[in-house]
Amino acid sequence: MRSIKVKSPCSSANLGSGFDSFGVALEAFHDIVTLELTNGEIRIEVTGLEAERIPKSPNRNTAGLVAKKLLEKRGIGVKIHLHKGIPLSMGLGSSGASAAACAYGLNELLKLGLSKNEIIKWAALGEIAAAGAVHADNVAASVLGGFTIVRVHDDLIEAVRIEPPQSLEVALAMPIIKTAENKTAAARAILPCTIPLKNTVSNIQNAAYIVAGFHFGDINMIGRGMTDAIAEPFRKKLIPCYEAVKKAALDAGAAGVTISGAGPTVIAVIDSAKTSARDVAKAMAEIFRDGGVECKTCCSKPSLKGTERIS
């Protein structure tokens, strides 16, 4: 086999209290990566959403960096065609999905026999190209699908997947605002180096509640656990109208609301058996627009398949 085509879903990291630990894969958007083995170097072509903004250098492209790391000393090259379907710089795991697709595809193509955790580890290395550091929360969700928990210890990355409740949906409000060139790194830079003990304990309790909510299929429990005392108090300053948007979503029936990853997308978790995700998305968009901020919305179910081969 000389070529393979792989599809990888977008994701939302953290879910509030699960900073750098939680992720959920979403059906809303996907990246498609085609890999073709060559005898030469790593070449990257990009089409799709904002293709002109995506670096073609392997060192600066998340899929390219994964390929470079995996193919070192193998004496082969690869042509990567990346079709972007995930909006850039929105906090929806765009860079992570590309990295996940490349790691998954090369494992299949070269018959490396990597475990899921090993695929996640290689994909997380690709995030260095976009964020300047290894991050596994988005890539774990994109690889495995569903709700994921990652544990990073020294050089070890472990991920656990939990099936989301059947009636869980999300509403995404994506404000069109100017963000830093390296948005993820900038969003990390504004966080304090030390966290008060009270805030740390609060996040541990809330994160445990999210895990319990997914385990029991209790969406209200998930929502209550999304309260974040570590990152949100600082990152919300980068999102106009954030508090008003959050209140509008809760008033419209959302179980919980927070910043998706590093933002600026606002994600609301909804029990579709009780509340319309479209109504929640509309409520959030109206607040953004009343504040003079253009906003796109999307409603989505979790992606249960994760990254998969499509040809």
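Computed from the coordinates by the stated procedures, all read-outs in this text should not be read as laboratory data. Computed from a prediction, not measured in an experiment: that's the story for all the values here. No Cβ is skipped: glycine too gets one built from the backbone with ideal geometry, and neighbour counts run over all protein chains shown.
Descriptive notes on the structure:
- Each of Glu27, Glu72, Glu45 has some number of other Cβ atoms within 10 Å of its Cβ, and from fewest to most they run Glu72, Glu45, Glu27.
- Expressed in units of 2.2 N^0.38 Å, where N is the residue count, the Cα radius of gyration of the stretch 141-215 is 1.41.
- Relative to the Cα centre, the charge distribution of the chain, modelled as +1 at Lys and Arg Cβ and -1 at Asp and Glu Cβ, gives a dipole magnitude of about 540 debye.
- Summing charges over neighbours of Ile128, with a neighbour being any other residue whose Cβ is under 12 Å away from its Cβ, gives +2 when K and R count +1 and D and E count -1.
- Relative contact order of the chain, taken over Cα pairs closer than 8 Å and 6 or more residues apart, is 24 percent.
- Highest GNM mean-square fluctuation among Lys237, Lys301, Lys84, for the chain modelled with Cα contacts below 10 Å: Lys237.
- Semi-axis lengths (Å, descending) of the ellipsoid that matches the C-alpha gyration tensor of the chain: 32, 20, 18
- Using R0 = 35 Å, the C-beta based FRET efficiency linking Ser3 and Leu304 works out to 0.85.
- Estimated FRET transfer efficiency when R0 is 30 angstrom, pair Ser311-Thr200 (beta carbons, to 0.05): 0.05
- Euclidean distance between Cα centres, the stretch 95-162 to the stretch 207-226, Å: 24 Å
- Degrees between helix 94-110 axis and first principal axis of the chain (Cα, 0 to 90, nearest 10): 40 degrees
- Bridging of Lys111 to lysines at a Cα separation below 23 Å is possible for Lys5, Lys7, Lys68, Lys69, Lys73, Lys79, Lys121, Lys305, once same-chain residues fewer than 8 apart are set aside.
- Qualifying aspartates and glutamates (Cα of each under 12 Å from Cα of Lys274; at least 8 residues distant if same chain): Glu169
- Convex hull volume of the stretch 168-300 per residue (C-alpha atoms, cubic angstrom): 100 Å³
- Choice from Ala13, Ala208, Ala136 with maximal GNM fluctuation in the chain (Cα, 10 Å cutoff): Ala208
- Principal-axis tilt of helix 277-290 within the chain, Cα atoms, nearest 10 degrees: 80 degrees
- Note on Lys274 and Asn220: their simple-model spin labels are 0.4 nm apart, each label 7 Å out from Cα toward Cβ.
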